[in-house]
Structures are given as structure tokens and as C-alpha cells.
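Structure record follows, encoded as C-alpha cells.
The values are calculated or read from the model by the stated rules, or taken from the named source; none is laboratory data. The model shown is predicted, which means the values in this text are computed figures rather than measured ones. Virtual Cβ from ideal backbone geometry, glycine too; neighbours counted across all protein chains shown.
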């Protein structure tokens, strides 16, 4: 399996999720994935409220799946399964939006709407996109990579000197040049290069760890 298709989660964590009462493991799983689900839903065209509902519904689906879930690196991909569930939940939100628009178009208690109001509500229904026309897999892949990097950064940030991490973040993540980073933080350019090298190695190692689940 290609590393891009691996799951940014330890295999041992998936096993712990079989216990619905293990709140710490579920909190860790939620922190790893909620931004991925939320950002994907938003970029697919959902509203903030709809995207939050997608996150909730996907997490419920995961909770139902985990008791019988077995991970086989040669066969299974949590990434692919989560994408399938997310695709369905996103489409479900579009269906709900369309039904709400059609109900509004009919008016309360079957009353006929004024012509101008009717045209506005018709336009609202027409703006509901076709879920099949959305390249959700491309959106998902982009957000998956971003989510993986974010998870690695969050963990490394707690392990290194805060000043070194700030130099690395400004230069490597935000894209400032070594010179501009040095000026912004009142340090030498050499210090920026050294921090970028040291923290960067740790970030790459953490990404490898996240994309290669450890054995049980």
C-alpha cells in the first residue's frame, strides 16, 4: 500500500476504539480527523452548519463500525472507507437542502407564494449542486495531506524548543525567507537554518510514523 493511502493513526489506536468507553482514544481519534472531515465538507460546497453535521454523522458511523473493524494493511484502507462515508454524508446534506428548498417553494400550508418570492426560492433550489459533479476524492486527498502535516506539527511542537519551532513554522510552513524570519524574530539567519534542519527532520520522522502504523 502506498504511504499516501496509509492511515495517519497507530494500529493500536484502532484496536482501542473497539471499546466505546475508552474516551481518551476516541478523543485522540476525533482530534486527528475532525478537521479533515470538516474542511472536505466545506470545500464540497456545504455550509458551516452542514459541515458540522457531516463531522458528527461520520463519527457516529465510525463508532458503529469499530467493534467489528479489523485492519489488514494488504486489504483495508481506513482512508478509503472514511472517504466513502464522507461522500455519502455530504450527498445526504445536499439532499436535505434540496428537500428544504422544495418545501419552501410550495409555501406554508400549501399557500401560493408571491411571484417574486417564488422566483427567489426557485433560484435557491437551482443552486443546490449535483454531488456527482464534485471531485470529492481530489478534495479529500488534498485535505488528507494537510491533515497529516497538521497532526505531525501539533505533536512536534510539544517536543522541541518553542523558539526553534517558531523559526521553523515561519520559514517552512508560512513561507518566509530565512532572512525575513531572522528579522521578524531578531535572530541570525544561521539560527533559522539550524532550527529548520533540526525541526524539519523531526517533522518528517513523525509523518513517516503516522503513515506507517506500528504492529500490535
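Got a sec? Which helices (runs of 4 or more DSSP H) wholly within the range 100-216 have at least 1 residues that are over 28 Å from the mean Cα position of the chain (by Cα), surrounded by 15 or more Cβ atoms within 10 Å (Cβ to Cβ) and at pLDDT 95 or above?
On the way: elements: 115-126, 136-157, 162-168, 178-185, 189-211.
Answer list for the range 100-216: 178-185, 189-211.
Consider the range 15-45. How many of its residues are closer than 20 Å to residue 96 by Cα, touching a residue at least 40 places away in the same chain (Cβ under 8 Å) and assigned to a helix (DSSP H, G or I)?
Selection size over the range 15-45: 5.
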